[in-house]
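Shown next, in C-alpha cells, is the structure this report addresses.
What follows draws every value from the coordinates through simple rules; no lab data is involved. Nothing here was measured: the structure is a model prediction, and the numbers come from that model. Cβ coordinates were reconstructed from backbone atoms using ideal geometry, including for glycine residues, and neighbour counts include every protein chain displayed.
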Amino acid sequence: MLRAENLAVRRGRKTVLEGIDLELNPGEVLGVLGPNGAGKSTLLAALCGELKPDHGQVWLDQCELSRWDGGQKAQRLAVLPQSSTLEFAFRVEEVVGLGRLPYQSGRARDDEIVMQALQAADAGHLHGRSYVALSGGERQRVHLARVLAQLWPGAVGQTLLLDEPTSALDPLHQHVTLQAIREFADRGVAVLVILHDLNLAARYCDRLLLLEGGRPHSLDSPAQVLRPEPLKAVFGLEVLVQAHPERGHPLIIAR
Amino acid sequence: MTPLLKPRALFIGLSLLCLLAIWLSLALGPVSLPLLDTLRAALRLLGLPIEGQGLEQAELILGQIRLPRTLLGLAVGGVLALSGVAMQGLFRNPLADPGLVGVSSGAALGAAFAIVGGALLGGVPEAIGPYLLSFCAFLGGLVVAWLVYRLGRRNGQTHVATMLLAGIALTALASSAVGLFTYLADDATLRTLTFWNLGSLNGASYSRLWPLLLVSAAVALWLPRRAKDLNALLLGESEAGHLGIDVERLKRELVFCTALGVGAAVAAAGLIGFVGLVVPHLVRLLSGPDHRTLLPASILAGASLLLLADLVARLALAPAELPIGIVTAFIGAPFFLFLLLRGRA
C-alpha cells in the first residue's frame with residue numbers, strides 16, 4: 001500500500017508540487033486530472049521514488065520507499081511511464097517478459113503470464129511480432145502488458161502507477177485498457193492513473209484527484225469532482241454535466 | 001525484421017566459423033603450412049599422441065608464432081565485441097562503439113604515456129612492462145568512457161548526438177596528446193607508437209598475451225551475468241529501475257568492463273576499430289537483441305571476425321603485412337555509413 005505524506009517538490013525556485021497527502025487503497029482506481037503542467041507526472045515520479053521530494057515522505061507498506069530493496073519493491077510496485085524509447089528489435093513477448101525480471105518463477109510460468117498479460121491488454125495477436133515494427137498505440141499496449149505481467153495476477157498489497165496509458169489509443173482500446181486496469185484493481189491492486197479524458201475518468205475511477213498548479217484542488221468521488229464549478233476553476237472550461245443515460249456516472253460535455 | 005536463427009543454430013554456426021578461422025589462422029602466412037599438417041601439429045601441441053614425423057617445422061612455427069598470434073586475435077576480437085555490446089547497452093543506442101566514443105583513443109593515450117614515459121625514465125623492467133602498459137591503457141579508457149558518459153547526459157537522459165560529439169572531441173584531444181608523445185619519442189619508441197595507432201597482431205608473444213587473457217576472461221564471465229539486466233536497461237533507465245535493477249551500479253559496471261576490456265585489447269594489439277560496432281550488429285541481425293544470446297555470440301563472432309581480418313592483413317600484400325586496424329576500418333567504416341543511411345530511411 002502506497003501512502004504519501006505532505007509531499008512537496010521544487011524545481012529551482014519554483015514549487016511544482018505541494019501539499020499532497022494521498023493514500024492508495026487496495027482495489028481502488030484513483031484518477032489524477034489536471035491541466036498540462038499541473039504536476040501530474042511529477043506526482044507520479046515522486047510516488048515511485050524516481051524523484052526525491054524536497055519535503056514529505058512516501059511509504060510503501062510500513063517502510064519508507066527509498067529503503068526498499070529494488071527487487072522486493074518491483075514485486076509490489078509497477079510503473080508505466082508516459083512514453084518509452086526502445087530502439088532494439090525485441091519481439092513483443094520479450095518486451096512483456098521483461099516485466100518478470102523481479103521474479104524467479106520459471107520459463108514456463110513466465111511464458112504463460114506474458115500471454116495472459118498480452119491478452120488483458122488486447123495485444124495477444126501481437127505475439128511474435130517485432131516491437132520496432134509496431135504503431136505507437138500498439139507499443140503502448142505492449143508496455144501496459146509488461147507492467148501487468150510485473151504484478152500478475154494482481155493482489156492486495158500491490159500498487160500500479162500509470163501515466164496516461166490511453167494517450168495513443170483509439171476509442172475502443174481506451175476502453176479496453178481501462179477495463180483491464182479496472183479488473184486488475186478488482187483483484188486487490190491499488191491503481192493510480194493519470195488521465196486527460198474526463199469521461200473515461202468518470203466511468204472507470206473510484207476517486208479523482210484534481211491538481212491545479214501543483215496543489216490538490218479536490219480529492220473526492222467522480223460525482224463530486226466532475227462538476228461544472230471545479231472544472232471551470234481548474235481547466236477554465238465551460239461544461240455541462242449530465243448523468244450517463246445507461247450507467248448513471250457523470251457525462252461531461254463541453255459547452 | 002524477425003531474427004533468422006534460433007540461438008542454438010547461431011551458436012553451432014559461430015563455433016564452426018570460429019574453429020575454421022583458428023585453423024586458417026594457424027595454417028596461412030608467409031610460410032603456408034598444409035592444412036592437414038597444421039591440424040596434426042596443433043593436436044600434437046595439445047598433447048594428443050600423434051605421429052610427429054616431418055612436423056617439426058610446423059610445430060615450431062605454430063608454437064612460437066602462429067599460436068600466440070591466434071590466441072591474441074581471439075581474445076582481442078572477443079573482448080572488443082563484448083565492449084561494443086556493453087557500450088551500446090549503456091547508451092541504449094546501436095551506434096555506440098568504443099572507438100567512436102573515444103574510449104580506444106583514451107586507452108591509446110594511456111599506452112603511449114606508458115611507452116614514452118617508461119623510455120624517458122630509462123626503461124621499465126621486462127617483467128612488469130606489459131602489466132604497466134595494460135594498466136595505463138585501462139586508466140586512459142576509463143577516464144574517457146566516464147567523461148563521455150558524463151558529457152552526454154543532461155537531466156538524467158543520455159543524448160546520443162552530444163555523446164558522439166564529445167567522443168569526437170576527446171578522440172581529437174587524445175590523438176593530439178599521442179602526437180605530443182610521438183614528438184618526444186626517440187626512434188625505437190616511435191616505431192612502437194606507430195604500431196599502437198594502427199593496430200596489429202604481429203609480434204604476439206606470450207608475455208603480452210597474459211594480461212589480456214586474464215582481463216578478457218574476467219569480462220567474458222562477468223558481463224553475461226548481467227544479460228537480463230542489460231535487456232531491461234534498453235527500456236530506459238527509470239524503467240529498469242522500476243524492474244528492481246540498481247541502474248547506477250549496472251552503469252558503473254558497464255563503463256568499468258568496457259574500459260578494462262578495451263584497455264587490455266589496445267595494450268596488447270593497438271587501436272583496432274569498428275569490431276565493437278560491426279559484430280553486435282551482425283549478431284542482432286541474425287538472432288535478435290536478447291543479451292543472453294548476444295553477449296556469448298558476440299565473443300565468438302568477434303573472435304572469428306578478427307582472425308579473418310588478420311588473415312587479410314597477413315596475405316593481402318604478402319610478404320609485407322598490413323596493420324589490422326586498416327583492414328577492420330576498411331570493412332567497418334562503410335558498414336557504419338550503411339547503418340546511418342538505413343536508420344534514416
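Of the beta bridges DSSP finds with both residues in chain A, what % are antiparallel, to the nearest 5?
So the antiparallel bridges in chain A amount to around 60 percent.
Rounded, prolate or oblate: which one fits the stretch B:76-340, using the alpha carbon gyration tensor with axes a ≥ b ≥ c (rounded when a/c is under 1.5, else prolate when a/b beats b/c, else oblate)?
prolate
Given the DSSP H assignment, sum -39500 (n - 2.57) over each helix run of at least 4 residues in the protein assembly as shown and divide by its residue total; what's the result at 222 nm in deg cm²/dmol, nearest 500?
-18500 deg cm²/dmol
Quick one: grab the alpha carbon gyration tensor of chain A, order the square roots of its eigenvalues as a ≥ b ≥ c, and give me rounded if a/c is under 1.5, else prolate or oblate depending on whether a/b is larger than b/c.
Judged from the Cα gyration tensor, chain A comes out oblate (a/c at least 1.5, b/c at or above a/b).
Could you work out which residue, out of B:Leu306, B:Leu322, B:Leu295, moves most in a Gaussian network model of chain B, that is, has the largest mean-square fluctuation with Cα springs under 10 Å?
Sorting by GNM fluctuation, first place goes to B:Leu322.
How shielded is A:188-197 by partner chains, expressed as the average number of their Cβ atoms within 10 Å of its Cβ atoms?
0
In a shell of Cβ-Cβ distance under 14 Å around B:Leu315, excluding B:Leu315 itself, what net charge do Lys and Arg (+1) and Asp and Glu (-1) give?
That sum, taken over residues with Cβ under 14 Å, equals +1.
To the nearest 0.05, how large is the calculated FRET efficiency for A:Cys63 and B:Arg225 if R₀ is 35 Å and r is the Cβ-Cβ distance?
The computed FRET efficiency comes out at 0.80.
Take peptide A:93-106, look around each residue's Cβ out to 10 angstrom, count Cβ atoms belonging to other protein chains, and average those counts.
Average per residue, whole number: 3.
Using 0.36 nm per residue, how much length does the chain from A:Glu246 to A:Arg129 gain when fully extended, once their Cα-Cα distance is taken away?
Result: 38.2 nm gained on full extension.
With Cβ to Cβ distances under 13 Å as the rule, what net charge do the other residues near A:Arg11 carry (K, R +1; D, E -1)?
Summing Lys/Arg as +1 and Asp/Glu as -1 gives +2.
Identify which of B:His281, B:His291, B:His242 has the largest mean-square fluctuation in a Gaussian network model of chain B, with springs joining Cα atoms closer than 10 Å.
Of B:His281, B:His291, B:His242, the most mobile in the Gaussian network model is B:His242.
Within 10 Å of each Cβ in B:236-249, how many Cβ atoms from other chains are there, averaged over the peptide?
Per-residue shielding by partner chains comes out at 6.
Where is the GNM fluctuation largest for chain A (alpha-carbon springs, 10 angstrom cutoff): A:Ala45, A:Ala185, A:Ala89?
Among A:Ala45, A:Ala185, A:Ala89, the largest mean-square fluctuation in the Gaussian network model of chain A belongs to A:Ala89.
Measuring from label point to label point, each 7 Å out along Cα→Cβ, what is the B:Asp37 to B:Asp186 span in nm?
Calculated label separation equals 4.2 nm.
Below 12 angstrom from the Cβ of A:Met1, what's the summed charge of the other residues (Lys, Arg +1; Asp, Glu -1)?
Cβ neighbours under 12 Å give a net charge of -1.
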